[in-house]
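Asks: Structure in structure tokens, see below.
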Amino acid sequence: MNDLSKKLLAFSRDQILTCLPSLSLALSDLSCLDADVSSLFFDGLRLYGSDRLICRLFLDQALTRTLLHITVHRLFLHFLPQKTDRSLWDLSSDIASEAFLDRLGLFPDGKETERNAVYQNLSGCLMAFSAEAIYQLFKEQPPSFSPLLFARDDHRLWYPFASSREPSPGSGPSGGLNQEERLEALKKVKRILEPLSEELRHSKSHTGHGSSSGVQKEQILLGKRGGYDFRRYLRRFSISREELHPDLDSFDYIPYYYGLMQKERLAFLEPLETTHSSRIQDLVIAIDTSGSCSLAVVQEFLSETLNILSRKEHFFDRMNVHLIQCDSMIQDHLVIHSKGEWEEKLKNLTINGRGGTDFTPVFDYVERLQKEGELTHLKGLLYFTDGDGIYPKKAPPYETAFVFLDERFLNFPVPDFIIPLCLHPESIKEEVLLYEH
């Protein structure tokens, strides 16, 4: 692209970073390739646009908002659609992206009033800015407004097998990412989200959805389907302490090598015998065993619990995980200190309950365990449930996340102190394997 277009894009990036400095990594590697197109294209790795298009968007004061709109698509992984109706998925992802930006109040374009009228009918779906939830709603009730109200970019390159009957974007790109490029795009998003996750973990702003910039980043991290981002969330429950392991990072090889070069072959420095680690020590996992949760659903909860406990990087060598079964009362309580202990107890584990749903007994029980000294470093509780039950009215002194199996349950009216997450069992293994490839 010519120098003017590059300067205009750089100016728009600087405008975004003035408001959202945490997106520096997401914007720094987003290059734009020259293509004769009428709208900006994004395929998951690259932008495509013409010099004429960049100048027109800038003169219309739309370039910065469009660039940020595409960045939100990228962070939510909208460019990897799992839905069959392309037009509905395009619209759903555009609404999720624009709703996120309107909530932040960044770079308004004068159409906020019209979009707010649409948001009023989507309030439940927008709790976590979930394109999946909006898509499901539109499948049941087709939209009655113009998609142009939310569209800013062309999504044609999101789909790997573009129809030959569709017009190609001028002399620009055609088709989508191949499997190798999709993997590269996922890895790039992973690297982008890493510092956002670390910043979130040290943030003290957890007062509710949409109340601060920290919570907005949280919704970027957690609004996406799949198990990887969900497990990333567990880092927020970690504490720092000293472990009896050699700290190889503190070892300086230069004086060590110098000592070995001397006649006496002295080792001037040895690695420290202890290291400071940030991991989870105490964790409570509650499982809803009420009649509204089928046996298959409870088994999925237990399977995900095993996946959590199997990841050594989450926990210290000796963990203190309390697994609680509850319907309308506490039905079972297990304390797990290691992965092997959990696998042994799993052989004889029975599911108890099948009654009504009341979440408050778990919080009362955890409060008692804290007073008895069983949970001295508890920072978080995960509650696997379908979400239909009696919620506690008072916020506990630790973070609480309710994990659902279906994004439609994100529409449940939950108290402000509860963070709703969505777990998609069918995609967990595939995405985790993809990231670990």
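The values are calculated or read from the model by the stated rules, or taken from the named source; none is laboratory data. Because the structure is predicted, anything quoted here is derived from the model rather than measured. Here Cβ is always computed from backbone atoms with ideal geometry, including for glycine, and neighbour counts include all displayed protein chains. When the accessible area is computed, the model is the full protein with side chains, heavy atoms only, and any ligands, DNA or RNA have been set aside. Shrake-Rupley method; radii C 1.70, N 1.55, O 1.52, S 1.80 Å.
Asks: Is there a pair in K190/K371; K139/K188; K187/K394; K339/K379; K187/K345; K111/K188 whose C-alpha atoms are over 29 Å apart, and which pairs would that be?
Replies: Correct reply: K190/K371; K139/K188; K187/K394; K187/K345; K111/K188.
Asks: Still on this structure: Within the accessible area of segment 40-125, what % is carbon and sulfur when the probe is 1.4 Å and the other protein chains stay in place?
Replies: 48 percent
Asks: Sort segment 21-63 into rounded, prolate or oblate with this rule: let a ≥ b ≥ c be the square roots of the eigenvalues of the Cα gyration tensor; rounded if a/c is under 1.5, and if a/c is not under 1.5, prolate when a/b is larger than b/c, oblate otherwise.
Replies: oblate
Asks: Once you place label points 7 Å from the Cα toward the Cβ at L17 and D332, how far apart are they in nm?
Replies: The two pseudo-label positions are separated by 5.3 nm.
Asks: So how do R182, R354 rank on accessible area, 1.4 Å probe, biggest first, that is with the largest at the start?
Replies: R354, R182
Asks: List the trypsin sites (Lys or Arg not before Pro) within segment 14-95 that DSSP assigns to loop and that have no more than 11 neighbouring Cβ atoms inside 10 Å.
Replies: none
Asks: A further question follows. As a test question: what accessible area, to the nearest 10 Å², does I351 have when a 1.4 Å probe is rolled over all protein chains in place?
Replies: Rounded to the nearest 10, the figure is 50 Å².
Asks: Through the Karplus equation 6.51 cos²θ - 1.76 cosθ + 1.60, θ set to phi - 60°, convert the phi angles of segment 380-388 into ³J(HN,Hα) values in whole Hz; use x for Gly and Pro.
Replies: Taking θ as phi minus 60°, the curve returns x, 10, 9, 10, 7, 7, 8, x, 9 Hz for segment 380-388.
Asks: Can you pull out the trypsin sites (Lys or Arg not before Pro) in segment 358-397 whose DSSP state is coil and whose Cβ has at most 11 other Cβ atoms within 10 Å?
Replies: Of the trypsin sites (Lys or Arg not before Pro), the ones in loops of segment 358-397 whose Cβ has at most 11 other Cβ atoms within 10 Å are K393, K394.
Asks: By how many nm would the segment from S294 to D29 lengthen if fully extended, with 0.36 nm per residue of separation less the alpha-carbon distance?
Replies: Length difference between fully extended and current span is 90.9 nm.
Asks: What shape does segment 321-379 take by its C-alpha gyration tensor, where a ≥ b ≥ c are the square roots of the eigenvalues and a/c under 1.5 counts as rounded, a/b above b/c as prolate, and the rest as oblate?
Replies: The shape class here is oblate.
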